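What follows is one structure encoded as structure tokens, with my remarks underneath.
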Amino acid sequence: MHTLTRRLIAFVTVALAALAIGGQPARALVEIDINKGNIEPLPVAITDFISSDGIGAQISGVIAADLKSSGLFAPIGKAAFIEKVSNPDVAPRFADWRVINAQALVIGRVVEEDGGRLRAEFRLWDTFAGEQMLGEQFFTNRENWRRVAHIIADTIYQRLTGEKGYFDTRVVFVSESGPRDARVKRLAIMDQDGANVRFLTRGDNIVLTPRFSPTRQEITYMDFAGGEPKVYLLQLETGQRELVGDFPGMTFSPRFSPDGQQVIMSLQQGGNANIYSMDLRTRRTTRLTNSNAIDTSPSFSPDGSRVVFESDRGGRQQLYVMNASGGEPQRISFGNGSYSTPVWSPRGDLIAFTKQSGGQFSIGVMRPDGSGERILTTGFHNEGPTWAPNGRVLMFFRQAAGSGGPQLYTIDLTGRNERLIKTPEFGSDPAWSPLLE
Amino acid sequence: MRRISNSPISLAVTGLVAVLALSGCAGKKPLPNSAAELGLSGSAVPGTPQDFTVNVGDRIFFDTDSAALRADAQQTLARQAQWLAQYPSFTITIEGHADERGTREYNIALGARRAAAARDYLVSRGVNGGRLRTISYGKERPVATCDDISCWSQNRRAVTVLGGPGA
């Protein structure tokens, strides 16, 4: 009954056949309109997946934590559950879930198959309509159990919101240790929820501002390894490091183009910094700005046609948008203060930035034409937003006064759902990966 | 029933970089700020880096978000140029720094702009540009580590570091 197709890849997704439920009237299925302003989180019941050991409960725990972290879902405490699910292939007693106001119910099972492979299957039920909304199976190695949980959470998120999830993603960041005047900085990578931290560099040199390639297992970042700080590429699978370009001076502030074929960055020339792009295949470089100013933090629009960057050409740091081929930029930030570190949303609809005003550092967003500015969080020091791949959540770093070091936080576009992402050391310069494939 | 057709997922990333050996070695120590920190009292041997730091002054300071050379900075640089003319064997690295009250990438450029301003002044006072190189540390290497202006004003600096024979 279960298996429709099988593909011999690390993860295989298979739809489970819907259970036959007789006589239920059709009703509108539960769903969330993410675009509504003030969303009440949807109460959901996520039961411990049935398993012979603790793995089922662990997977359920990660799914619940993912959904809760989005701010769109409110997992109900297990103590309130009335029905104890023992067979996920039998329809639940919907009344038992309706009475605790669980709008949606997630049940599942994890089985270790011959050869040690895990089979994880789950069903998502609409408890008020009495209908199955999802039923899927995944096969994987045990060590990947967290990924299975994130993939299931993404599947549920997408089914209930109509938008792609972002839980099966990673974040590259700078892990900081040691005294503040001699900080050791290492590149590190982790799951978006802070699990599975791995260090990518040894801490011999200062490393800054890592950013993911949209298309390859590769990051670009700034490294003080040579006599002069420069932009490098780092292959995540091999650890191989490669200098980007042969520029006569310090290069910094790199970012990939949406097709992954170019790196755009700043080149320091005396007291000025200008923006250049380099085609990674042809090695050809193109100068995009030409000013007696600091032009930096370039970021492509998702269609690759435009670039937003910051410049102090008008006196203080402000945001400008230009064509990806260069030309006269248009200033888009006009509020009270200075604006920096612009990052174009993967959806194209917003630009996130750091704003300095009145001695405070804020994270905010505005539309690409500069309208609709909204500040999401303000404090002593908030800096460097990066977008989740669905464009609904930002990660950034914050250093509270007297705290000794920065930490990573996420915040959603409402500004109401802010969360600390715990890291083993201080953390800064986060960059979100695309959805993993 | 609703069939969700997830695309297959490969695990390219999980084979990630074998974790590199972790070393706890600290970064380069900044130069001392004053004669007192060096344990000296203005009696360094002439022509030594200690002499330069103690009696000439190895660093200049800047106003917030500025690379303009203040009068006190110009006096220090003029003394540096004089000393460097007297002791021509030293090569010189000018380190530009910013305080922590700015964003990382801008501060990298601001540190470079400060180093360039100091460099240009030394060249205008006769120091051979071939002896000079600049590097920016942005806000990465503060010397004073508190969260108020008493520290920030010390961190907005350009430091002239001597190298080459004799250093």
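The values are calculated or read from the model by the stated rules, or taken from the named source; none is laboratory data. This one's a predicted model, so the numbers in the text were calculated from it and none came from an experiment. Ideal geometry is used to build each Cβ from the backbone, glycine not excepted, and the neighbour counts take in all protein chains shown. Protein only, heavy atoms only, side chains kept; ligands, DNA and RNA dropped before computing areas. Shrake-Rupley method; radii C 1.70, N 1.55, O 1.52, S 1.80 Å.
Here are some notes:
- In the stretch A:88-169, the GluC sites (Glu not before Pro) that fall in loop regions by DSSP, at most 15 other Cβ within 10 Å: A:Glu113
- Overall form of the stretch A:170-432 per C-alpha gyration tensor (a/c, 1.5; a/b vs b/c): rounded
- Taken as Cα centroids, the stretch A:292-334 and the stretch A:37-67 sit 43 Å apart, rounded to the nearest whole angstrom.
- About its Cα centre, chain A has a charge dipole of approximately 340 debye under the convention of +1 per Lys or Arg Cβ and -1 per Asp or Glu Cβ, with nothing else charged.
- Summing +1 for each Lys or Arg and -1 for each Asp or Glu among the other residues whose beta-carbon sits under 12 angstrom from that of A:Pro92 gives -1.
- Close Lys pairs in the protein assembly as shown, defined as Cα atoms under 24 Å apart and 8 or more places apart or on different chains, number 18.
- Per residue, chain A exposes 37 Å² of accessible surface when a 1.4 Å probe is rolled over the protein heavy atoms with every protein chain present.
- In this label model, A:Asn292 and A:Ser52 are separated by 7.7 nm, measuring between points 7 Å along each Cα→Cβ vector.
- Karplus (6.51, -1.76, 1.60) ³J(HN,Hα), θ = phi - 60°, over the stretch A:421-426, in Hz, Gly and Pro reported as x: 9, 6, 10, x, 10, 4
- The accessible-area loss of the stretch B:131-167 on complex formation, taken against its chain alone with a 1.4 Å probe, reaches 40 Å² or more at B:Glu140, B:Arg141, B:Thr145, B:Asp147.
- The stretch A:192-237 and the stretch A:364-388: distance between their alpha carbon centers, rounded to Å: 24 Å
- Residue with peak Gaussian network fluctuation, chain A [Cα springs, cutoff 10 Å], from A:Ile55, A:Ile351, A:Ile82: A:Ile82
- Folded to 0 to 90 degrees: helix A:145-161 orientation relative to chain A principal axis, Cα: 90 degrees
- Figure legend: label point modelled 7 angstrom from the Cα of A:Gln235 along Cα→Cβ; residues of the stretch A:181-211 with amide N under 17 Å from it are A:200-201.
- For the protein assembly as shown, carbon and sulfur atoms together expose 48% of the accessible surface, with a 1.4 angstrom probe and every protein chain in place.
- Taking Cα atoms only, the orientation of helix A:55-69 departs from the longest principal axis of chain A by about 50 degrees.
- Sites A:Glu113 and B:Thr145, calculated FRET efficiency, Cβ-Cβ separation with R0 60 Å, nearest 0.05: 0.60
- Qualifying chymotrypsin sites (Phe, Trp or Tyr not before Pro) for the stretch A:74-139 [loop in DSSP, other Cβ within 10 Å: at most 10]: none
- For the stretch B:85-120, residues shielded by at least 40 square angstrom of accessible area compared with the chain on its own, probe 1.4 Å: B:Glu100, B:Arg101, B:Thr103, B:Arg104, B:Glu105, B:Tyr106, B:Ile108, B:Ala109, B:Arg113
- Sequence-separation-based contact order of chain A, relative, with Cα cut under 8 Å and 6+ spacing, percent: 10 percent
- Three-way shape call for the protein assembly as shown based on the alpha-carbon gyration tensor, with the a/c threshold at 1.5: prolate
- Cut-off under 5 Å, modelled amide H: who pairs with A:Thr377 long-range: A:Ile363
- Prolate/oblate/rounded label for the stretch A:331-437 (Cα gyration tensor, a/c 1.5): oblate
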